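Everything on this sheet refers to the single structure shown next.
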Amino acid sequence: MIIRPATPADLGFCHDCARLFSEETQYPVLYDAQTSQRTFWAYINDPLRDILIAEADGIPLGGVMLVCSHEFSERPFCYIVKLFVLPLARGSTAGRLLMQATADWAAKAGCSHIFANAGASISARHDSVAGNLYRRCGFADAGAAFVKALDPNQPERIN
């Protein structure tokens, strides 16, 4: 398995992953192709953002969306915006290799820390698996994630 930066040729795979996430999450989100196109294109073309792809035998199996954020400190932070691994590759080395590549990307960008959120709300089991992956890759539990629904008809939290 290799990890490589996404190219415009990967946009279809990224869209498929976004659609899958929209279907898997318990949050009531609707996939929007135009928003997806703009978002992935921006990540591929912005030097402070990137998408890394896990690929085996020429087939993409997962990816991670990253941001290098120059906020107010001397060195920037790296944020994992989304980590996605296709169901057929979950439990493989894809997630671990994506985390190692993330650490390499963040170090090259001069980041001091990497921040990640393990709560995609696909299920408690999936959130637990993501948290375990981060811990195995050297991440420390740094507290809870918070969410606020801006639409009064939407739930704050999905269990």
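The numbers here are math on the coordinates, done by the rules we state, and not lab data. Everything numeric in this text was worked out from a predicted model, so none of it was measured.
Observations on the model:
- Helix runs (DSSP H) in the chain reaching 20 Å along axis by Cα, Kyte-Doolittle at least -0.5: 94-108
- Amide H within-cut-off set for Val81, under 5 Å, with H built and near neighbours excluded: Met65, Leu66, Val67
- Three-way shape label, the chain, alpha-carbon gyration tensor, a/c 1.5: rounded
- Relative contact order of the stretch 4-76, taken over Cα pairs closer than 8 Å and 6 or more residues apart, is 29 percent.
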